[in-house]
Amino acid sequence: MKKYFLIVTMLISAATMVACGGNETQKQTQGKAALVNDVEVDEFKSLISEKPGIILDVRTPSEVAEGKVPGAMVINIQEQDFMDQISKLDKDKPIYVYCRAGGRSANASQKLVDLGFPQVYNMLGGMEAWNAKGYEKE
């Protein structure tokens, strides 16, 4: 009877440890996903004025030639060294990311979060939304 009780106790303990460990991993994953802040174009424009940081345009050179957000630096997400280039950015500053319509910037924003950047803002709608508002370009 003592052996049976010992085996049951060990199984319950093992199940508890597995359950607790899985829960912690889930929280970490959820925490990472929550770090990308998807913002509408009006909020994006306000944030870059109120909380200066790095404005990152991840479009191709031909797209950038049509105009970009004033003060933006360009790192083309399609370049092979994209990850190396973004890893050198200042992690102490907010990073404001955009592309043409929002897809590539969402991808780039997640890559920044994965690299440990704590303040990442993705502009929904990209330059299409910026242009629709008639905001200044350079």
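The values are calculated or read from the model by the stated rules, or taken from the named source; none is laboratory data. The shown structure was predicted, so the numbers you read here are calculated from the model rather than taken from an experiment. We place every Cβ from the backbone using ideal geometry, glycine too, and count neighbours over all the protein chains shown.
Things worth noting here:
Table: residues versus (1) of a type in the set (D, E, K, R); (2) over 20 Å from Leu47 (Cβ atoms); (3) under 12 Å from the mean Cα position of the chain (by Cα).
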site: Ile77; (1), (2), (3): no, yes, no
site: Ser87; (1), (2), (3): no, yes, no
site: Pro94; (1), (2), (3): no, no, yes
site: Ala108; (1), (2), (3): no, no, yes
site: Val113; (1), (2), (3): no, no, yes
site: Asn122; (1), (2), (3): no, no, yes
site: Tyr135; (1), (2), (3): no, no, no
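- Cβ separations smaller than 6 Å between residues 6+ apart or across chains give the following pairs from region 100-123 residues that are in the same structural domain as Asp81 (by TED's automatic domain parsing) to residues that are in a loop (DSSP other than H, G, I, E, B) and buried (at least 23 other Cβ atoms within 10 Å of the Cβ): Arg100/Arg59; Arg104/Val58; Ser105/Val58; Ser105/Cys99; Ala108/Val58.
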